1. Restricting to segment 21-55, name every residue that is loosely packed, with under 14 Cβ neighbours inside 10 Å and hydroxyl-bearing (Ser, Thr, Tyr).
2. Listed residues 75, 17; which is open to solvent by 90 Å² or more (accessible area, probe 1.4 Å), of a type outside the set (D, E, K, R) and modelled with pLDDT under 80?
3. Considering 49, 35, which residue is in contact with an Asp or Glu (Cβ under 7 Å, 6 or more places away or on another chain) and not in a loop (DSSP other than H, G, I, E, B)?
4. Identify, by number, the condition in (1) under 14 Å from residue 33 (Cβ atoms); (2) of a type in the set (Val, Ile, Thr); (3) open to solvent by 40 Å² or more (accessible area, probe 1.4 Å) that residue 64 doesn't meet.
5. Being within 13 Å of residue 27 (Cβ to Cβ), hydrophobic (A, V, I, L, M, F, W, C) and assigned to a helix (DSSP H, G or I) is the filter here, so list the residues in segment 64-92 that pass it.
Amino acid sequence: MKKLLVLALFLGLSLTNCKSKVYSQEECDAALTSAFVAIEEEAKKNPQAAPLLAGLQQGKIKMVEQCMEGKFDPNCLKSSPGLAGIMGCVKK
């Protein structure tokens, strides 16, 4: 019985992951570029944010990949008001 329950749970999670929206690289790259412009504006006002911005820019390729997997919504990223907005766009 336990094996059947575990198998059903595994299949349910697998099917849920298959249904997630997948975005193109162009959509994700454009959305992240837009979000980074807003973050750069924030960094200009707060010099202490510069190291954070540099770290995010290094991780941009990984963020594009995550967006393409459906972990970020490009439409949300485009309208995000900076760093707080990006964090709000992460799908759980």
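1. Passing the criteria: 24, 33.
2. Values: 75 fails: modelled with pLDDT under 80.
Just one listed residue meets the conditions, 17.
3. Numbers: 35 fails: in contact with an Asp or Glu (Cβ under 7 Å, 6 or more places away or on another chain).
So the residue among 49, 35 that is in contact with an Asp or Glu (Cβ under 7 Å, 6 or more places away or on another chain) and not in a loop (DSSP other than H, G, I, E, B) is 49.
4. Going through the list (1) under 14 Å from residue 33 (Cβ atoms); (2) of a type in the set (Val, Ile, Thr); (3) open to solvent by 40 Å² or more (accessible area, probe 1.4 Å), residue 64 breaks only (3).
5. Answer for segment 64-92, where residues must be within 13 Å of residue 27 (Cβ to Cβ), hydrophobic (A, V, I, L, M, F, W, C) and assigned to a helix (DSSP H, G or I): 64, 67, 68, 76, 77.
The values are calculated or read from the model by the stated rules, or taken from the named source; none is laboratory data. Predicted model only: the values in this text are computed from it and were never measured. So basically every Cβ, Gly included, is an ideal-geometry build from the backbone, and we count neighbours across all protein chains shown. Side chains are part of the model used for accessible areas, which takes the heavy atoms of the whole protein and leaves out ligands, DNA and RNA. Shrake-Rupley method; radii C 1.70, N 1.55, O 1.52, S 1.80 Å.
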